[in-house]
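Here is the structure we will look at.
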Amino acid sequence: MLCVSGVSISGRKIAIGLFCSTFLYSSMSYGEEIRGKLLFGDTHLHTSYSFDAFMNQNHSADPDTAYRWAKGKPVIHPFSGVRVQIKTPLDFLVVSDHAEGMGVVRALSSNTAIEPDLGLFASLKRWVAVRMLRDAVKDPKEGYELFASLLPKAAANASGDPVTDPNHNSPKSRSTLGDTLQTETRSWHEIVDAAEEHNEPGKFTSLIGWEWSSVPTGANLHRVVLTPDGGKHAKQFVPFGSDDGEYPEELWQWLDKTSQETGTRFLAIPHNSNISKGYMFAETSLKGRPITQEYARTRIKWEPVVEVTQIKGDSETHPKLSPQDEFADFETYTSYIQTGGGTYEAKPADFVRSALKRGMAIEEKVGVNPYKFGMIGSTDAHTGIASAEEDNFWGKFAGDSVPAQKDGSHEEGGPIGNGWEMSASGLAAVWVNENTRDEIYAAFKRKEVYATTGPRIAVRMFAGWKFEDGAHDAEDLAKIGYAQGVPMGGDLLPQPENSQSAPSLLIRATKDPVAANLDRIQVVKGWVDSAGEQHEKVYNVSWAGDRNVRADGSLPPIGNTVDLNTGHYENSIGSPELSVVWQDPDFEPDHRSFYYVRVLQIPTPRHSLLDGIALKIDPPKEGPATLQERAYTSPIWYTPQT
């Protein structure tokens, strides 16, 4: 049975609310069970327990606030004090506070006494520092400046190893910060308890997690770590942070060791590769060593998905890397997480599309693809409020919620852009049988997941060698897809004898019922040729309106109904649903390839335009007045027979 939160699909009909269609089947010829329930959630949200959130004016939105918001209840905004509420509740949420100093700044800044055995007031120097901290976090400007002063400096050697660079502010290990360990442990238990309290199997899922926040010399290497296991497992360890180890290999080693010792399942999700300075998806390890089969196998074991879109910009691709892609320049973010700012430079290792191509090239050499990942979106909001709606966006940090101060909410040229540079994005979508921790975790592991930049666009994508006629119009599209192909995140099976000469994709996309119509469906293909060269191409495969593809493969724009004076738009263009069976016209059976789907909405107003209208100023220059929200599916891979 196909049940979709907020959007319902039955053949070509669309309705608002929770709707269940006639997709009830067990298993198909390929052993694939039909996953008929589509869930939307956020795997990356910070509360007042994160040091940077607290120093940037989130003093009150704790994990309980985060879960209540996600479930659709009204909550109080931590900075403005107004009542806020999500329009369409989420189906799942991960509160992922930073492991480094988890809850410590919150505890130090509290007016309540801290337990004497924590030793936080062991010296006069420490006591003075605490008093200064309490004063600083009361003032938005002072709190931000204090936060910025704690960030790493720019690399002295831009081509060197960021971790060993002499200008890197290496964090102290927990052995020298032992007096905070009890506070971190207590905070972690409180976070776990909140997740346990709000978990409602079948209705709402709270997954337990945290963020490992390695950022050597401003190179973002952060990962969100989550587990589907409950509090009994989670309370057996304290989250591993960059103060325990800054190399990804150290995180994976800890995950392996802790998993064996406690029986806890984990996965890690890289994010903001767009600001990794060329290190997230590099051709070598962070230590500059060649990628081996063991490294590749370990990495993909722990990191089956990546976060491709969020508040700090989009990481799909970049105009410099995909100059033939007219939609490559989307929510481009250019601020590094370091003092002194730094000039932004897009590199192949910073973006997902380049990484997918690079992974296949590495596989040619070592036999394993380290970058064979699926894609999701999430917010990375530090407000305790998972907001990804343009007209209901509450910013990266709590102070970003006030339009009048967004252009000065952070220091110009500093490590974090101002409020209008932030993107109201994104969401993680998963295909499951039911809304539970185990089901969501399993979807992540098999990569039957996808990303949206905020709207709840429903997308199905299968690859196969032969789909029956009219499959894209069939009410039982999922039944056909699972029976005759493989879903997103999978591997296309070897070509059967006497089949057609090229693979086909079976695709259907349906609009968010409370949002904009769809413009088009595109297929993004990447491949490695016989000479080892990497290539990519974007195909327009289904679109709304009476338009014809040009000779170069491009498609005329859909149009734009946004009124720049009011921020209103009309669904008088576009389509509520698009579907197609597309066959690759450029298929070469000897080339490793991947395919993923990108779905574009018609243009809608960006949150910065809405603020400009409210403030009676010109649209802020930090972002376009309108944008085309989108969804990215996880890829399907084709590997030649050897």
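Computed from the coordinates by the stated procedures, all read-outs in this text should not be read as laboratory data. What you see is a predicted model; the values in this text were computed from it and never measured. Here the Cβ positions follow ideal geometry from the backbone for every residue, glycine too, while neighbour counts run over all protein chains shown.
For the reader, a short list of remarks on this structure follows.
- For region 587-638, alpha-carbon Rg relative to the globular expectation (2.2 N^0.38 Å, N residues): 1.86
- Protection proxy ranking, highest mean first, for peptides 91-101, 312-322: 91-101, 312-322, where packing is the per-residue count of other beta-carbon atoms within 10 Å, averaged.
- Counting only the Cα atoms, region 521-601 fills a convex hull of 123 Å³ per residue.
- Of the peptides 559-565, 301-307, the order by per-residue mean of other Cβ atoms within 10 Å, starting with the highest, comes out as 301-307, 559-565.
- Under a 5 Å amide H cut-off, with hydrogens placed 1.01 Å from N, Thr43 pairs with Val94, Thr379, Ala428 among residues at least 5 apart or on other chains.
- Dipole axis of region 482-638 (+1 Lys, Arg; -1 Asp, Glu on Cβ), positive-most option in Thr566, Ser530, Trp582: Thr566
- Loop sites in region 520-578: trypsin sites (Lys or Arg not before Pro), DSSP, at most 13 other Cβ within 10 Å: Arg550
- Taking only the C-alpha atoms of region 482-638, Rg followed by Dmax gives 18.9, 66 Å.
- Averaged over residues, the count of other Cβ atoms within 10 Å places the peptides 510-517, 449-456, 231-238 in the sequence 449-456, 510-517, 231-238, highest first.
- For region 593-599, putting each phi into the Karplus relation 6.51 cos²θ - 1.76 cosθ + 1.60 with θ = phi - 60° gives couplings of 9, 9, 9, 9, 9, 10, 10 Hz, in residue order, rounded to whole numbers and with x for Gly and Pro.
- For region 482-638, a crude dipole built from +1 on the beta carbon of Lys and Arg and -1 on the beta carbon of Asp and Glu, taken about the Cα centre, is about 380 debye to the nearest 20.
- For region 360-376, backbone phi angles converted through the Karplus equation (6.51, -1.76, 1.60; θ = phi - 60°) give residue-by-residue couplings of 5, 5, 5, 4, 4, 8, 10, x, 9, 9, x, 10, 8, 10, x, 10, 9 Hz, Gly and Pro being listed as x.
- Rounded to the nearest 20 debye, dipole of region 335-382 from Cβ charges on Lys, Arg, Asp, Glu: 180
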